[in-house]
Amino acid sequence: MLIITQTLKGLEVKYFPLTLPQEIEKIGTLHLTGSRYFGTHRSNSDWDFIISTLHKEEYEELKMLFHKYNVTLIGSYGVEKGGEVWRWHDEHDVQFDFQIIPDVKWKLKAQEWIKARIADGFCISTKKSKRDQMWKTAFEATKVFM
């Protein structure tokens, strides 16, 4: 699996010779999110992905796959949308967070809005409460386009 991300210094290319992400891609679509999507990550930052699933059967298949790889459910995400966050560490102890969201359009549109604000000089806070507010603002700002 090859992932290309934009950083402040240019493009970063990362290859994952991992079975889990490849198996996930057979079930749903992986979308990069978080600091690596926004280009604000550090070299030791985790990898955040949104997984779009279309049907309940795909969700059940993902849960079975996560149990096979000892991926841990760490919480709910966008409760009104029915999402969850699962965490996994690879053999090099690199952390991966997988957000399962039934309909990702709203999340992808909001992160595009945030990325455009970053390009305009907007800074992302390291405080969770400020990031939560940023996402809430992005969801409100993009709701009219959904």
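Going by what's in this entry, would I74 be described as among the aliphatic types (A, V, I, L, M) and at pLDDT 85 or above? Against the criterion (among the aliphatic types (A, V, I, L, M) and at pLDDT 85 or above), I74 qualifies.
Of all the residues in the range 115-136, those that are in a helix (DSSP H, G or I) and of a type in the set (D, E) number 1. Of all residue pairs spaced 6 or more apart or on separate chains, those with beta-carbon atoms under 7 Å, a first member in the range 122-143 that is surrounded by 11 or more Cβ atoms within 10 Å (Cβ to Cβ) and a second member that is polar (S, T, N, Q) are I124/T40; R131/S125. Pairs are defined by a Cβ separation below 6 Å, a sequence spacing of at least 6 or placement on different chains, a first member in the range 31-58 that is at positive phi and without any contact (Cβ under 8 Å) to a residue 12 or more places away in the chain, and a second member that is part of a loop (DSSP other than H, G, I, E, B) and among the hydrophobic types (A, V, I, L, M, F, W, C); no pair meets this definition. Taking H92 as the residue in question, decide whether it is crowded, with 17+ Cβ neighbours inside 10 Å, modelled with pLDDT under 85 and part of a loop (DSSP other than H, G, I, E, B). Considered against the rule, which asks whether it is crowded, with 17+ Cβ neighbours inside 10 Å, modelled with pLDDT under 85 and part of a loop (DSSP other than H, G, I, E, B), H92 comes out as no.
Considering only strands (runs of 3 or more DSSP E) fully contained in the range 8-67, which possess at least 3 residues that are assigned by TED's automatic domain parsing to the domain that holds V85 and either modelled with pLDDT of 85 or more or surrounded by 15 or more Cβ atoms within 10 Å (Cβ to Cβ) (or both)?
On the way: elements: 10-15, 29-33, 47-52.
Answer list for the range 8-67: 29-33, 47-52.
The values are calculated or read from the model by the stated rules, or taken from the named source; none is laboratory data. All values reported here derive from a predicted model rather than from experimental measurement. A quick note on method: Cβ atoms are made from the backbone with ideal geometry, for glycine too, and the neighbour counts reach across all protein chains shown.
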